[in-house]
Amino acid sequence: MPLITLPSRRDFFRSAGAAVVASRLCTAQAKSIHWAILSDTHLSADPKNEYRGFRPYDNLAGVMPEVQKAKPEVVLINGDLARLEGLPADYELLKTMLRPMADQTPLCLSLGNHDDRNNFLAAMGKPAKGQPQPVQNRNILVVDQPPVRILVLDSLMAVNQAPGLLGKAQRRWLDEYLKS
Ligand SMILES: [Zn+2]
């Protein structure tokens, strides 16, 4: 199931794009699952980076032990992952900070408009072999954890600009996927 495998570590899931667009029950069995869903880590390579009194590094460092203590079956961090422009060093620090969590729990990462898809992929690695990448240049995440399946689409259009776009190919894939 993992979309990215970090060498010698547990797997990262990841996807570029901020929109969690669909979830559905995929089994009638009575079963519960614990998810931890975070967003907007806005991490800068500079741990001292501060914006309007918020310190992203301290915030992430503070929340991670709480998440780990809760022992979720899956963690989803829905972009924006990086501070503003998705710089390579932002993702390197993010990766370092997330290692302990990734060692414990499958981790899904999606991108927002302050992320850079190429830099993210360069830092986190290519998708694991055999993982579905149904639309070219888009990273679609299918996280199947019965009784829930979450699809994360990729709406990232331009770094550090507000508008996003799913595009025809991705919408077509979603349409087919939901019919199947
Ligand atoms: Zn944000």
Surface per residue (accessible, 1.4 Å probe) for the range 27-160, Å²: 49
Cα centroid separation - the range 137-180 against the range 101-124, whole Å: 15
Residue-span extension gain [E92 to Q104] - 0.36 nm each, minus C-alpha spacing: 2.4 nm
Protection-proxy order for peptides 110-121, 85-96, each taking the mean of Cβ atoms within 10 Å per residue, highest first: 110-121, 85-96
Percent accessible area from carbon and sulfur atoms, the range 26-180, protein chains only, probe 1.4 Å: 52
Heavy atoms of S32: accessible area, 1.4 Å probe, square angstrom to 10: 90
Amide H contacts of L87 (H built 1.01 Å from N, under 5 Å, at least 5 apart or other chain): none
Sequence-distant residues sharing a close amide H with L38 (under 5 Å, placed H): L76, I77, N78
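If contacts are Cα pairs under 8 angstrom and at least 6 residues apart, what is the relative contact order of the range 79-170 in percent? Intermediate results must be reported in sequence, preceding the final value.
Numbers: 121 pairs, mean separation 27.3, N = 92.
30 percent.
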Inter-probe distance in nm under a simple model that places probes 7 Å from Cα toward Cβ, at N137 and R149: 2.8
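Rank these residues by their accessible area, most exposed first, probe 1.4 Å: M124, M157.
Numbers: M124 5, M157 105 Å².
My answer, sorted largest first, is M157, M124.
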Derived scalar couplings ³J(HN,Hα) [the range 152-165; Karplus, 6.51 cos²θ - 1.76 cosθ + 1.60; whole Hz; x for Gly, Pro]: 10, 9, 10, 10, 5, 10, 9, 5, 6, 10, 5, x, x, 8
For the range 37-180: rounded, prolate or oblate by the Cα gyration tensor [a/c cutoff 1.5]: oblate
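The values are calculated or read from the model by the stated rules, or taken from the named source; none is laboratory data. Model, not experiment: these values are computed from the prediction. Don't worry about glycine lacking a Cβ; one is built from the backbone with ideal geometry, like all the others, and counts go over all protein chains shown. What goes into the accessible areas is simple: the full protein's heavy atoms, side chains included, and nothing from ligands, DNA or RNA. Shrake-Rupley method; radii C 1.70, N 1.55, O 1.52, S 1.80 Å.
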